[in-house]
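Worksheet: the structure to be examined is printed underneath.
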Amino acid sequence: MKSATGLTGSGSRDWYIQRISAVVLAAYTIVLLGWILCHSGFGYEQWAGFMLTLPMKIFSLLAVLSLVAHAWIGMWQVFTDYVTTRQMGPSASGLRLVLTSAVIISVIVYAIWGIQIFWAN
């Protein structure tokens with residue numbers, strides 16, 4: 001029986017996606033911090049002007065999707081490793097279902113919200 005993995009059905013692909021998403025998130029953080037450090041005393045207009053440029057909208061969308069993938073894979077691995085019947089008894093399956101459902105709903109809401117923030121304007 002093939003076990004379902006976090007995102008792609010393959011542990012090695014999930015590992016690569018999580019590493020790539022971490023690099024995207026690190027680069028996004030560096031770009032944001034760099035902009036903040038180079039623009040001291042900025043206001044809303046400058047920040048909005050920077051964030052709503054097409055390159056930053058695309059980069060922000062990529063960061064949101066990277067965060068969603070990274071969070072889903074990471075939480076799936078945590079639930080698979082630590083919410084087990086061996087450790088928690090028969091109630092683990094139900095708890096894992098509830099936790100997994102909560103994470104799925106959360107990342108979907110986050111993705112929709114993030115896309116709406118950057119692309120509604």
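The values are calculated or read from the model by the stated rules, or taken from the named source; none is laboratory data. Small disclaimer: the values here were computed from a predicted structure and weren't measured. With ideal geometry, Cβ positions are generated from the backbone for all residues, glycine too; neighbour counts draw on all protein chains shown. Heavy atoms of the whole protein, side chains included, go into the accessibility calculation; ligands, DNA and RNA do not. Shrake-Rupley method; radii C 1.70, N 1.55, O 1.52, S 1.80 Å.
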Subject >> Computed lengthening from S93 to L61, 0.36 nm per intervening residue step minus Cα-Cα distance >> reply: 8.1 nm
Original post:
Going 7 Å from the Cα of I104 in the Cα-to-Cβ direction, what parts of the stretch 56-82 have a backbone nitrogen less than 19 Å from that spot?
Top reply: 68-82
Subject >> For the stretch 9-117: relative contact order, % (alpha-carbon pairs under 8 angstrom, 6 or more apart) >> reply: 32 percent
Original post:
Using a 1.4 Å probe, how large is the accessible area of L33, given in Å² and rounded to the nearest 10?
Top reply: 100 Å²
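For M88, what charge total do you get from the other residues with a beta carbon under 15 Å from its beta carbon, if Lys and Arg give +1 and Asp and Glu give -1?
Taking every Cβ under 15 Å from that of M88, the sum is +1.
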Subject >> Largest-first ordering by accessible area, 1.4 Å probe, given options R86, R96, R13, R19 >> reply: R86, R13, R19, R96
**OP:** Calculate the translational D of the chain in whole µm² s⁻¹ from Stokes-Einstein, where the hydrodynamic radius comes from the Kirkwood formula applied to all Cα pairs, the temperature is 4 °C and the viscosity 1.567 mPa s.
**Re:** 79 µm²/s
Original post:
Hey, rough spin-label estimate for T84 and I112, points 7 angstrom out along Cα→Cβ, what's it come to in nanometres?
Top reply: 3.5 nm
Subject >> Heavy atoms of D81 accessible to a 1.4 Å probe, total area in Å² rounded to 10 >> reply: 90 Å²
**OP:** Enumerate the calculated ³J(HN,Hα) couplings along the stretch 12-19 in order (Karplus 6.51 cos²θ - 1.76 cosθ + 1.60, θ = phi - 60°), each rounded to whole Hz, writing x wherever the residue is Gly or Pro.
**Re:** 5, 5, 4, 4, 5, 4, 5, 5
Subject >> Near-label residues of the stretch 54-70 by backbone N, under 16 Å of a point 7 Å along Cα→Cβ of A120 >> reply: 61
